[in-house]
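Data first, discussion second: the structure below is written as structure tokens.
The values are calculated or read from the model by the stated rules, or taken from the named source; none is laboratory data. Just so we're clear, the structure is a prediction, and the values are computed from it rather than from any experiment. Neighbour counts are summed over all protein chains in view; Cβ atoms, including those assigned to glycine, are modelled from backbone coordinates with ideal geometry.
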Amino acid sequence: MHLGQSIEADYAVIGSGAVGMAFVDTLLAESTASVVMIDRHHGPGGHWNDAYPFVRLHQPSAYYGVSSKKLGRGAKDATGLNVGMYERATGAELVSYYEQLMQEFLATGRVKYFPMCDYLGEADGVHPFKSLMSGETRQLNIQNKLVDCTYLQTAVPSTHPPKYEVAEGVTCVPLNDLPRVKAPPSGYVVVGSGKTGIDACLWLLENGTSPDRITWVMPRDAWYMNRAFVQPGEEFFLQSYGSFTAQMKAVAEATSFADLLKRLSASKQLLRLDDGVKPTMYHGAIMSESELRELQRIKNVVRMGRVTRIEQNQIIFQYGVLATDPDRLYVDCSASAVARRPVVPIFAGNRITPQFVRTVQPTFSAAFVAHVEANYARESEKNALCGVVPLPDEPIHWLIMLAANMRNQARWGKDKGLRNWIANNRLDGFTALAKGVKPDDGEKMALLQGYGQHAAAAAANIQKLIETGL
Ligand SMILES: Cc1cc2nc3c(=O)[nH]c(=O)nc-3n(C[C@H](O)[C@H](O)[C@H](O)COP(=O)(O)OP(=O)(O)OC[C@H]3O[C@@H](n4cnc5c(N)ncnc54)[C@H](O)[C@@H]3O)c2cc1C
């Protein structure tokens with residue numbers, strides 16, 4: 001391989017998605033390091049560049065993005081299924097946010113950016129990357145560390161073909177193509193029960209499709225987080241901290257994992273589509289109760305496992321066959337957003353592999369990892385602060401993640417500098433609210449005290465509970 005010009009920087013960051021951007025933002029703010037960023041996409045923002053036109057964050061914008069730059073106006077939705085709750089950025093807003101941010105990075109003179117370039121991996125200490133446009137291959141001359149922000153391998157339907165066969169004459173599109181429908185088909189079949197499947201169903205309903213014309217293929221039912229309980233802002237204090245406390249109380253008092261799920265479901269901490277069906281999946285998707293009620297209007301929910309093949313007159317599943325007709329439109333939502341790869345140490349020699357250090361919070365986690373990199377010296381100490389919170393797939397992972405989260409939280413709580421950093425970081429969302437409670441505010445103080453007591457009891461019970469659910 002002929003290697004052209006070498007590009008030198010202290011850090012080489014592979015991937016300018018949400019994780020790469022959050023990492024670099026904090027590194028620039030807290031060190032004097034120079035950075036080179038490489039990405040296959042034409043612009044920053046990663047998978048948000050490939051998203052369907054009606055995508056939105058499923059969490060509030062208030063604590064997504066990067067530490068230094070606000071996302072959104074801090075407004076609440078006045079209409080729709082998120083009414084009364086904090087705004088959630090659209091895909092277009094996110095792409096624009098990341099574009100502006102990249103301009104700010106470049107203006108520092110410390111960042112070089114190579115979009116439309118493929119990092120080819122390390123071989124014998126050489127780090128080649130190749131332009132997708134010119135084919136030219138150059139190499140990275142990394143003075144300090146390589147930061148692999150591609151490890152989560154986010155997949156969206158537009159960039160991943162369906163995981164099942166589609167016979168000739170059947171129309172099957174990624175949900176990106178849904179708004180291009182020109183004439184109504186005889187019905188819609190949404191394949192997938194994750195976040196994108198939910199979005200496809202909600203979009204169809206919001207745009208006037210009768211629920212009777214939607215068939216929802218649900219290979220696995222899922223538990224969902226309740227968006228009402230992850231609202232930042234003073235006015236939601238009792239709701240949010242009330243929820244954190246209820247969760248801790250449930251973990252402290254439950255006698256088994258099944259009992260815990262019963263308690264979390266009864267208090268609406270976790271939501272599910274059908275009370276008669278036991279969910280076998282948990283991916284951390286967040287929804288509002290209004291969205292849930294809307295989705296419950298769809299009665300044609302098919303639970304026959306994964307689709308293996310769609311033909312003009314039948315759909316073949318793992319566990320059965322369903323008659324269909326050739327005029328149906330199939331909407332593929334089967335890409336699994338995040339790959340569940342093995343956990344690796346975040347800091348290992350001259351490589352950093354950002355992963356989650358807080359439950360399903362990729363951007364907070366990336367900023368936190370950069371903060372630790374910039375401010376702590378020993379690798380063992382860095383890894384101890386950055387215990388990896390594994391990604392979820394099954395319901396028990398809700399509890400496994402909570403346990404890992406609590407271990408990190410306990411370590412962070414012993415470090416005053418870290419406590420302050422977290423409380424002042426916009427990506428955290430909630431700590432500043434608790435810190436701001438006035439000692440004479442009896443109701444809030446009592447809630448925080450209760451939270452602390454239940455959290456201690458939960459920590460004592462959590463491992464035993466996990467064992468009952470494995
Ligand atoms: C529909 C949807 C909604 C979501 N909503 C939320 C939400 O509300 N809140 C939340 O916290 N999370 C949400 N997520 C999870 C989401 O995965 C993360 O928020 C985050 O965007 C992931 O960012 P990332 O940087 O890890 O991945 P990506 O966005 O995939 O970025 C990785 C980048 O690396 C580049 N890359 C990969 N390999 C190479 C290579 N060899 N050479 C060069 N470049 C490479 C890719 O081109 C890409 O740009 C959502 C996910 C989906 C799909």
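Name, by its number, the condition in (1) within 12 Å of the ligand (Cβ to nearest atom); (2) under 22 Å from Leu140 (Cα atoms) that does not hold for Val111.
(1)
Just for strands (runs of 3 or more DSSP E) wholly inside segment 153-234: which have at least 3 residues that are touching a residue at least 12 places away in the same chain (Cβ under 8 Å) and under 27 Å from Arg40 (Cα atoms)?
Passing ranges, in order: 171-174.
When only residues in segment 1-39 that are in a strand (DSSP E or B), surrounded by fewer than 23 Cβ atoms within 10 Å (Cβ to Cβ) and among the small types (Gly, Ala, Ser) count, which is farthest from the ligand (Cβ to nearest atom)?
So the residue we want is Ser6.
If you go through segment 86-106 one residue at a time, do you hit one that is more than 20 Å from Trp48 (Cβ to Cβ), in contact with a strand residue (DSSP E or B) (Cβ under 9 Å, 6 or more places away or on another chain) and assigned by TED's automatic domain parsing to the domain that holds Val369?
no
Looking at Ala367, Ala335, can you tell me which residue is in contact (Cβ under 8 Å) with a residue 40 or more places away in the chain and over 30 Å from Ser186 (Cα atoms)?
Sole residue among the options that is in contact (Cβ under 8 Å) with a residue 40 or more places away in the chain and over 30 Å from Ser186 (Cα atoms): Ala367.
Is one or more of the residues making up segment 73-82 without any contact (Cβ under 8 Å) to a residue 40 or more places away in the chain, among the hydroxyl-bearing types (Ser, Thr, Tyr) and farther than 15 Å from Pro362 by Cα?
Yes.
Which one of these does Ala266 not meet: (1) under 30 Å from Ala459 (Cβ atoms); (2) touching a residue at least 12 places away in the same chain (Cβ under 8 Å); (3) away from the ligand (no atom under 16 Å from the Cβ)?
Answer for Ala266: the failing condition is (2).
Looking only at segment 339-357, count every residue that is within 11 Å of the ligand (Cβ to nearest atom), crowded, with 21+ Cβ neighbours inside 10 Å and of a type outside the set (S, T, N, Q) and tell me the total.
2
Go through (1) touching a residue at least 12 places away in the same chain (Cβ under 8 Å); (2) more than 8 Å from the ligand (Cβ to nearest atom); (3) among the charged types (D, E, K, R) one by one and return the number of the condition Arg88 breaks.
Going through (1) touching a residue at least 12 places away in the same chain (Cβ under 8 Å); (2) more than 8 Å from the ligand (Cβ to nearest atom); (3) among the charged types (D, E, K, R) one by one, Arg88 breaks only (2).
Kindly check whether there is at least one residue in segment 149-163 that is buried (at least 17 other Cβ atoms within 10 Å of the Cβ), more than 15 Å from the ligand (Cβ to nearest atom) and within 19 Å of Val19 (Cβ to Cβ).
For segment 149-163, residues buried (at least 17 other Cβ atoms within 10 Å of the Cβ), more than 15 Å from the ligand (Cβ to nearest atom) and within 19 Å of Val19 (Cβ to Cβ): absent.
From the list Ser243, Ser210, pick out the single residue that is at pLDDT 95 or above and closer than 16 Å to Arg263 by Cα.
Ser243
Can you name the residue in segment 42-62 that is among the aromatic types (Phe, Trp, Tyr) and near the ligand (Cβ under 9 Å from one of its atoms) and is also farthest from Phe364 (Cα to Cα) among such residues?
Tyr52
How about segment 362-437: which helices (runs of 4 or more DSSP H) wholly inside it have at least 3 residues that are surrounded by fewer than 19 Cβ atoms within 10 Å (Cβ to Cβ)?
379-385, 396-413, 416-423, 431-435
Among the residues of segment 438-470, what is the count of those that are over 25 Å from the mean Cα position of the chain (by Cα), exposed (fewer than 12 other Cβ atoms within 10 Å of the Cβ) and outside any helix (DSSP H, G or I)?
3
Go through (1) part of a strand (DSSP E or B); (2) under 27 Å from the mean Cα position of the chain (by Cα) for Leu140 and report which single condition fails.
(2)
For segment 310-321, state whether one or more residues are of a type in the set (D, E, K, R) and buried (at least 18 other Cβ atoms within 10 Å of the Cβ).
No.
What's the number of the condition Val190 fails, among (1) more than 13 Å from the ligand (Cβ to nearest atom); (2) modelled with pLDDT under 95; (3) of a type outside the set (Lys, Arg); (4) closer than 19 Å to Arg56 by Cα?
Only one criterion in (1) more than 13 Å from the ligand (Cβ to nearest atom); (2) modelled with pLDDT under 95; (3) of a type outside the set (Lys, Arg); (4) closer than 19 Å to Arg56 by Cα is unmet by Val190, namely (2).
Provide a single number: the residues in segment 117-137 that are in contact (Cβ under 8 Å) with a residue 12 or more places away in the chain and within 13 Å of the ligand (Cβ to nearest atom).
Just the residues of segment 117-137 that are in contact (Cβ under 8 Å) with a residue 12 or more places away in the chain, to begin with: 117-120, 122, 126-133, 136-137.
From what is left, the residues that are within 13 Å of the ligand (Cβ to nearest atom) are 117-120, 122, 127-132, 137.
Adding up the residues that qualify gives 12.
Look through Ala403, Ala423 and report the one residue that is of a type in the set (A, V, I, L, M) and without any contact (Cβ under 8 Å) to a residue 60 or more places away in the chain.
Values: Ala403 fails: without any contact (Cβ under 8 Å) to a residue 60 or more places away in the chain.
Step by step, each of Ala403, Ala423 is checked, and only Ala423 is of a type in the set (A, V, I, L, M) and without any contact (Cβ under 8 Å) to a residue 60 or more places away in the chain.
Looking at this structure, is Gln269 surrounded by 14 or more Cβ atoms within 10 Å (Cβ to Cβ) and not assigned by TED's automatic domain parsing to the domain that holds Tyr330?
Working: surrounded by 14 or more Cβ atoms within 10 Å (Cβ to Cβ): yes; not assigned by TED's automatic domain parsing to the domain that holds Tyr330: yes.
When the stated conditions are applied, Gln269 passes them.
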